[in-house]
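One structure is given here, and the rest of the page talks about it.
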């Protein structure tokens, strides 16, 4: 199945919003926070598309021990982020249509 380049989920929107809020609470301007979120997501999507690797493989390859990605993922796992995302997909999947993905 071919997906639209601009397809996004509600989870994507929440991730972007919360990342921007966190960046601004850390002292970044709204414009800088927006650019940070955009460039991070764009870079991740491009790496995933071009590498042929799974998201997990990419994460393991780019994550430095003790680095920011590892620290962030540790906090996400502590708060059950993976289970929350899986449940969100399961609960909303009956509403999926070909046009929405």
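Miscellaneous remarks
- Region 23-37, residues that are outside any loop (DSSP other than H, G, I, E, B) and either modelled with pLDDT under 85 or touching a helix residue (DSSP H, G or I) at 6+ places or on another chain (Cβ under 8 Å) (or both): 23, 24, 30, 32, 33, 34, 36, 37
- Matching residues, region 76-101, being surrounded by fewer than 10 Cβ atoms within 10 Å (Cβ to Cβ) and either assigned to a helix (DSSP H, G or I) or in contact with a strand residue (DSSP E or B) (Cβ under 6 Å, 6 or more places away or on another chain) (or both): 78, 90, 91, 93, 94, 95, 98, 99
- Restricted to region 52-61, and to residues there that are exposed (fewer than 12 other Cβ atoms within 10 Å of the Cβ) and in contact with a helix residue (DSSP H, G or I) (Cβ under 9 Å, 6 or more places away or on another chain), the residue that is modelled with the highest pLDDT is 54.
The values are calculated or read from the model by the stated rules, or taken from the named source; none is laboratory data. What you see is a predicted model, and the numbers here were worked out from it, not measured in a lab. Reconstructed Cβ throughout: ideal geometry from the backbone, glycine too, with neighbour counts over all protein chains shown.
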